[in-house]
Amino acid sequence: MSEKELGKKWDRCLADGVIKIGTGLGLGIVFSVLFFKRRTWPITLGSGAGLGMAYANCQNDLRAHYLQHISQKEQ
Amino acid sequence: MAARILPLLKLATKVTIAGGAVYVACDSGLLGSSEQGAQALEKAKAAVPPALAEWMKYFGLEAQLPTMPKVEFSPVKSWNSGVRWTISNLSEAPTKAAEYSNQGLQYVKDLIK
């Protein structure tokens, strides 16, 4: 993987992380206000889930370069 | 009759709002792959200044907020130039130290003479 490509992947990871944590936070706030009497734990759960999704995406993205796709294997 | 329907209606409204929020989040690619997330962030960054301008106009605060000056600052370039500066100074340090110590010694010798 070239350095430029790696840099782009990291940029994508960070942007995706920001989006997912923000979305998780937002959904956590919505659920907390509507169903859980404004408690903190849905907000924490939402942010944590967003962070976890971003981490998994980043991990897949960085590993994808070293994995062989099944279509290439069959050739 | 109304007393029984009202809590049900409240619950239905809450579920609709929550469900709608989750649907919008999933549909707009906020919970999708990295590329979709990065694209969503770019769209949000592009949409903020016009939205802010419209809100200012709506509240009649048009002339109050000064426009953000476009700062040509790149953290990546600054970091890289900082690393280069540090390493080049570290590599020159022994030579410069020898030079300065020689100069110091010469100065002291001249004083003693």
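The values are calculated or read from the model by the stated rules, or taken from the named source; none is laboratory data. The structure displayed is predicted, hence computed values, not measured ones. Methodologically, a virtual Cβ is constructed for each residue, glycine included, from the backbone with ideal geometry; neighbour enumeration extends over all protein chains shown. Side chains are part of the model used for accessible areas, which takes the heavy atoms of the whole protein and leaves out ligands, DNA and RNA. Shrake-Rupley method; radii C 1.70, N 1.55, O 1.52, S 1.80 Å.
Couple of notes before you dig in:
- Part-to-part distance (alpha-carbon centres) for segment B:16-50 and segment A:14-75, which is given in Å: 13
- Choice from A:L34, A:L51, A:L14 with maximal GNM fluctuation in chain A (Cα, 10 Å cutoff): A:L34
- Karplus 3J(HN,Hα) series, Hz, for segment B:88-101 with 6.51 cos²θ - 1.76 cosθ + 1.60 (x for Gly, Pro): 5, 5, 5, 6, 7, 4, x, 4, 5, 4, 4, 4, 5, 5
- In the calculated pair-distance distribution of the protein assembly as shown, the portion above 30 angstrom amounts to 55 percent of the Cα-Cα pairs.
- Residue among B:Y100, B:Y23, B:Y58 with the largest mean-square fluctuation in a Gaussian network model of chain B, springs linking Cα atoms under 10 Å: B:Y100
- Taking each DSSP H run with n ≥ 4 as -39500 (n - 2.57) and averaging over every residue of chain A yields -27500 deg cm²/dmol at 222 nm.
- Within the accessible area of chain B (1.4 Å probe), percent carbon and sulfur: 68
- The alpha-carbon of B:K77 sits under 25 angstrom from the alpha-carbons of these lysines, leaving out residues fewer than 8 places away in its chain: A:K4, A:K8, A:K9, B:K43, B:K45.
- Accessible area ranking (1.4 Å probe, heavy atoms, ligands and nucleic acids excluded), largest first, for A:I19, B:I87, A:I43, B:I112: B:I112, B:I87, A:I43, A:I19.
- Within a Gaussian network of chain B (alpha carbon springs, distance under 10 Å), most fluctuating of B:A53, B:A44, B:A98: B:A98
- In segment A:1-47, burial by the other protein chains removes 50 Å² or more of accessible area from A:R12, A:I19, A:T23, A:L27, A:L34, A:F35, compared with the chain on its own (1.4 Å probe, ligands and nucleic acids ignored).
- Where only DSSP H runs of four or more residues are counted, chain B gives -28500 deg cm²/dmol as its mean residue ellipticity at 222 nm, each run worth -39500 (n - 2.57).
- Solvent-accessible area per residue for segment A:3-74 (1.4 angstrom probe, square angstrom): 71
- Summing both sides, the accessible surface hidden between B and A at a 1.4 Å probe radius is close to 1400 Å².
- Residues in segment A:36-75 reached by a label modelled at B:A18 [backbone nitrogen below 19 Å; 7 Å Cα→Cβ]: A:36-50
- Rolling a 1.4 Å probe across the protein heavy atoms gives segment B:72-113 an accessible surface of 95 Å² per residue.
- For B:E42 and B:V76, the difference between the fully extended length at 0.36 nm per residue and the C-alpha to C-alpha distance is 10.4 nm.
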